[in-house]
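Asks: The structure's right below; bear with me while I get my questions together.
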Amino acid sequence: MSLRYDEIKRNLQNFFSEGSLTVVGSGLSCAEGIPGMGGLASELLQKVPNNINVEGNSTWSSIVNSLENDKGLEETLLKHKPDEELEDVILDITSRYIRNAEKDVIDNVIAGHKELRFSKYLRKMHIPNTGLPIITTNYDRLIEVSSELVGIPVDNMFFGRSIASLNEKESNLSFCKAIKSKSRNKVQLSYHRRIKIFKPHGCLGWFDYNGSPISTFLNLKAKNLIITPGLNKFRVGYEQPFDIHREKANKAIDEATKFIIIGYGFNDDHLETHLLHQIKQGSAYINYY
């Protein structure tokens, strides 16, 4: 079923208190002011020639012709695979473009000019101590900011603060708030309520450091770990940290009994096999837009 928010908001917390999974796509970020594929395509057309010698580059010429003939960015890059040099330029321009827009949105929120929609959404949800799973294909960190602004910490499987390393176990343990002794040989751990976020396409806060992924809110000049649209995402998607986030996302899909879909267009093969199977099997499904 497909419903608007005002039709479900009264029953959201009760109905989705157990076994729920939220899937967030670019529609939510676009609603907050983050550019979508159309804006990114225009940015690439403008900036790529300033960052690489495109004269005689047949692939770039094909990409330009495709975009100028109103073909979508995803469709274009699937058909015309960039070489490694062009791919690096596209990644750099993409991360800078979205990062600047993200900063503007967060600045407005902190200044009190707006509240993020996902903060309002989380206030309606029951957040379990085991973690509320959220999958997003977005690079930006609006979900993380939305959560922490309403007092809900975020588990992204990285451990640390300024420079966090990928370590699922240590990240999970960092949310432990109490240890109770049940017997001489058994203890029970009590955890803070939190969201568990899975980002199979990467994040603006992820960077490569000596061949290993790190997570930080610092604006570094290192290579951003995001998967840009096109054929290369199927190759890169099996590298760290994308692989573990994809695997955990699909595991969360398989274990969920209820789904809330927010601004997601069902156009990603990394998740679709598991997600569509679960929905077709009769899992409760709300498309919130």
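Asks: Compute the distribution of all C-alpha to C-alpha distances in the chain, in bins of 5 Å from 0, and list the percent of pairs in each, rounded to whole numbers.
Replies: 1, 5, 11, 15, 17, 17, 14, 10, 5, 3, 1, 1, 0, 0, 0
Asks: Out of all DSSP beta bridges with both ends in the chain, state the antiparallel percent to the nearest 5. If you can, show how the numbers build up before the last one.
Replies: On the way: 15 of 36 bridges.
Antiparallel bridges: around 40 percent, rounded to the nearest 5.
Asks: Also, quick follow-up: Once Rh for the stretch 144-186 is found with the Kirkwood sum over Cα pairs, what is the Stokes-Einstein diffusion coefficient at 37 °C and 0.692 mPa s, in µm²/s?
Replies: Numbers: Rh = 12.2 Å.
Roughly 269 µm²/s, to the nearest whole number.
Asks: Report the Stokes-Einstein translational diffusion coefficient (µm² s⁻¹, integer) for the stretch 132-257, Rh taken as the Kirkwood radius over Cα pairs, at 25 °C with viscosity 0.890 mPa s.
Replies: The diffusion coefficient I find is 156 µm²/s.
Asks: So for the stretch 119-158, what are the equivalent ellipsoid semi-axes in whole Å, largest first, each being the square root of 5 times an eigenvalue of the Cα gyration tensor? Don't jump to the answer; show the numbers that get you there.
Replies: Details: eigenvalues 48, 33, 19 Å².
Each semi-axis is √(5λ); the values are 15, 13, 10 Å.
Asks: Computed FRET efficiency, Cβ-Cβ of CYS176 and ILE279, R0 22 Å: what is it to the nearest 0.05?
Replies: Numbers: r = 34 Å, r/R0 = 1.55.
Once rounded, the FRET efficiency stands at 0.05.
Asks: Using only the Cα atoms of the stretch 15-106, each taken as one equal point scatterer with no solvent, compute I(q) by the Debye sum, divide by I(0), and report log10 of the ratio at q = 0.13, 0.19, 0.24 Å⁻¹.
Replies: Debye output, listed in q order: -0.52, -0.91, -1.26.
Asks: Go through ALA222, ILE52, ALA249 and say which Cα lies farthest out towards the positive end of the charge dipole of the chain; charges sit on Cβ, +1 for Lys and Arg, -1 for Asp and Glu.
Replies: Of the options given, the answer is ALA249.
Asks: For the stretch 75-175, build the convex hull from the C-alpha positions and give me its volume per residue in Å³.
Replies: Values: hull volume 16.1 nm³, N = 101.
Cα-based convex hull of the stretch 75-175, divided per residue, equals 159 Å³.
Asks: At 222 nm, what helix-only mean residue ellipticity would the chain give, in deg cm²/dmol to the nearest 500, using -39500 (n - 2.57) for each DSSP H run of four or more?
Replies: Values: 13 runs with 127 residues, N = 289.
Only helices count here, giving -13000 deg cm²/dmol.
Asks: Please list the helices of the chain that count as membrane-span-like by this rule: a mean Kyte-Doolittle hydropathy of at least 0.5 together with Cα atoms stretching 27 Å or more along the helix axis, each helix being a complete DSSP H run.
Replies: Working: long enough: 84-110 (38 Å, -0.23).
Taking the DSSP H segments of the chain (at least 27 Å long, mean hydropathy at least 0.5), we get none.
Asks: Among DSSP bridges having both ends in the stretch 127-202, what percentage is antiparallel? Round to the nearest 5. All intermediate terms of the calculation are to be shown ahead of the outcome.
Replies: On the way: 7 of 13 bridges.
Antiparallel bridges: around 55 percent, rounded to the nearest 5.
Here, each number is a calculation from the coordinates, and none is a lab measurement. Keep in mind that this is a model prediction, so the values were computed, not measured. We place every Cβ from the backbone using ideal geometry, glycine too, and count neighbours over all the protein chains shown.
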